[in-house]
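Heads up: the structure comes next, in structure tokens.
Values in this text are rule-based calculations from the coordinates and carry no lab data. Since the structure is predicted, the reported quantities are computational estimates derived from the model, not experimental observations. So basically every Cβ, Gly included, is an ideal-geometry build from the backbone, and we count neighbours across all protein chains shown.
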């Protein structure tokens, strides 16, 4: 399988605090990489560096063989190819669900509005939100908002999808409806990098799990090995913190 | 209260009312234009210009309209620039209001969370598209309560126009009290016409605010 | 241009005297407004329909009536209509307090409504009375939000006092006018310099106060 994303030695500091310390990660097309780690370990920052929402101090991110330059005037062209879903949904409150979905395809991809709407309706149906197409975000539950936000990212047909703790703000009973959408996307062969705290979900969806702590990759591996036979003490401790034995 | 006096006064007040409303709303229109331009300049940190605008806002927010009008109307002509009382009223109200409107627009632009900008940019929107498609429409709705408050404030401020001899409602009241001594009737009509001028605006403002709140927060 | 006139005789001193008159009226009114406004604002959430209705009406009057109209009503209305003779200064303090109290009570009400009802419930659960809850639990929480807003009210009050010249009080703008009138022959262009000076005087008084208000607001926001 061919590699679509290559992250080489990226580092990031906030004043004196080292958040990312020479991180490397390669992602192949169709692969689902799940990143886990304690709060404040730098995993969200790592995700935000990939589409240049944060500027890296060192290292580079290479997408499709091309280095992403945060200074690039045409950065938005690159971001078209990288979808991102945020913890706090970030739907646009002044637009209906449908308007939220077609904004970027019409403005950025110059897609015909009618075609964009058809595509949007098709995807909304898939995630069970067709009846909400003319509702405003405020009229949706958290789970519905997050499903709409995923569809909004999908509308651009990105080569890779970044999911940043997308269930962290949800009530427990809504987590499942969102994660099922993500599982579905994984089955369909979407390339994704997922930051999450839902370990059982990570186990189910991941091709590879990466453990980050203190801005470094401590351990990575296939889900079965990763969760059942952790090699490092730090990962063992981290996994243990989720159990009550 | 003497009804004959009231009906005798009515046309005089009506005329003054129209003048006050005209100058008031032209001034408000000007203030919104100034406010939007100023807020943009400050939001985008346009070099030099944003400092000048910042100074303008501070100066006009920290001085009374009456003093501003006196300076514009009696002071500026001494430099050889003659301005009619009406223009002076519109410009004065526009400058005062512009400084308030600028603050209203600027702070609502600043109140849009950065994450909204990020999510738009993550979708591939350029910064110009992000501003016009996402930030501006949201800020516009957010600024409604402050703009409504400013409009009411500015309409009330029109009451000082009489000081630069514009024949507005206050001028008429003072004039009639001086001429006929029917103080009760004169003051009554004054209050009635200010009610006519402001109650509809206040009511419309409340509806607008409610709508904006619903649009933004759904409550 | 009129600037020389400032140094002539006691003109500068007279301007400052006028400023002092304006400041006296506004500070007196602010003090009254702060006290009455806090009390009234605390009552504003009262469920009693009569209290609620009266307060609503009061706020609406202040919201739509220009202060100058109120000033006219208080000054001309009382003397000529009711036959009571009150001085222009008393009328001004009365009107500005009437206005300021409404503004202040609205600020207090706004700040109070930002306090989650669980705060009331939890202090009631501890056995505190309504008044104790207000004084010991709720008011301390809003005081940091109230101080900058109250300071802001001071600058607004000072700016509004310029209106008192319209009912004949000799404050700074009126003094300026008198100086210009008195020197019409010597310096016909004095209006520029004198009114500019008055403009600057107001700015010098109000600007530091609003800076302080903004500074405190920022500092206590976090």
Study note, to complete from the structure: Listed with the fewest Cβ neighbours within 10 Å leading, A:81, C:219 appear as C:219, A:81
Practice item. Return the whole-Å distance between the Cα centroid of the stretch C:1-55 and the Cα centroid of the stretch A:130-177. Key: 53 Å
Study note, to complete from the structure: Cβ density ranking, 10 Å radius, fewest first, applied to C:173, B:187, B:49 yields B:49, B:187, C:173
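Kindly provide the helix-only [θ] at 222 nm of chain B, computed as the sum of -39,500 (n - 2.57) over DSSP H runs of four or more divided by all residues, to the nearest 500 deg cm²/dmol?
Only helices count here, giving -25500 deg cm²/dmol.
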Exercise for review: Using Cα centres only, tell me the gap between the stretch A:183-237 and the stretch B:25-97 in whole Å.
Suggested key: 60 Å
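Mind running the shape call on the stretch B:153-219? Use the C-alpha gyration tensor, a ≥ b ≥ c as the square roots of the eigenvalues: rounded below 1.5 for a/c, prolate if a/b tops b/c, oblate otherwise.
Note, shape of the stretch B:153-219 comes out prolate.
Ranking B:8, B:171 by Cβ neighbours within 10 Å, fewest first, what do you get?
B:8, B:171
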**Study point:** Convex hull volume per residue for the stretch A:129-176, taking Cα atoms only, in Å³
**Key:** 89 Å³
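Shielding by partners for B:107-120, please: the mean number of other protein chain Cβ atoms within 10 Å of each residue's Cβ.
Values: counts 0, 0, 0, 0, 0, 1, 2, 1, 6, 6, 2, 7, 12, 8.
Whole-number average of other-chain Cβ neighbours for B:107-120 is 3.
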Review point. Which percent, nearest 5, of DSSP beta bridges in the protein assembly as shown are antiparallel?
Key: 55 percent
Practice item. Calculate how steeply helix B:49-61 sits against the longest principal axis of the alpha-carbon atoms of chain B, using the helix alpha-carbon long axis, and give the answer as 0 to 90 degrees to the nearest 10. Key: 30 degrees
Practice item. Could I get the Rg over Rh figure for chain B? Both from C-alpha atoms, Rh via Kirkwood, rounded to two places. Key: 1.08
Practice item. Once you have a ≥ b ≥ c as the square roots of the Cα gyration tensor eigenvalues for the stretch A:194-245, tell me rounded if a/c is under 1.5, and otherwise prolate or oblate according to whether a/b is larger than b/c. Key: rounded
Practice item. Return the Cα extents of chain A along principal axes one, two and three, sorted largest first, each rounded to a whole Å. Key: 53, 46, 38
Review point. Taking the Cα centre of each part, how many Å lie between the stretch C:158-174 and the stretch C:179-200?
Key: 17 Å
Revision key, fill the gap. On the formula 1/(1 + (r/R0)^6), with r taken between the Cβ atoms of residue C:131 and residue C:27 and R0 of 22 Å, the FRET efficiency rounded to 0.05 is 0.15
Point to revise | 0 to 90° range, to nearest 10: angle between helix B:3-43 axis and chain B longest Cα axis | key: 20 degrees
Point to revise | Inter-probe distance in nm under a simple model that places probes 7 Å from Cα toward Cβ, at residue C:209 and residue B:114 | key: 3.6 nm
Check your understanding: If you take the beta carbon distance between residue C:60 and residue A:222 as r and set R0 to 56 Å, what does 1/(1 + (r/R0)^6) give as a FRET efficiency, to the nearest 0.05?
Key -> 0.20
Review point. What shape does the protein assembly as shown take by its C-alpha gyration tensor, where a ≥ b ≥ c are the square roots of the eigenvalues and a/c under 1.5 counts as rounded, a/b above b/c as prolate, and the rest as oblate?
Key: prolate
Point to revise | Ratio of Rg to Rh over the stretch A:121-235 (Cα coordinates, Kirkwood Rh, two decimals) | key: 1.02
Exercise for review: Please give, to one decimal in nm, the separation of the simple spin-label points placed at residue C:78 and residue B:49, each 7 Å out from Cα toward the Cβ.
Suggested key: 5.1 nm
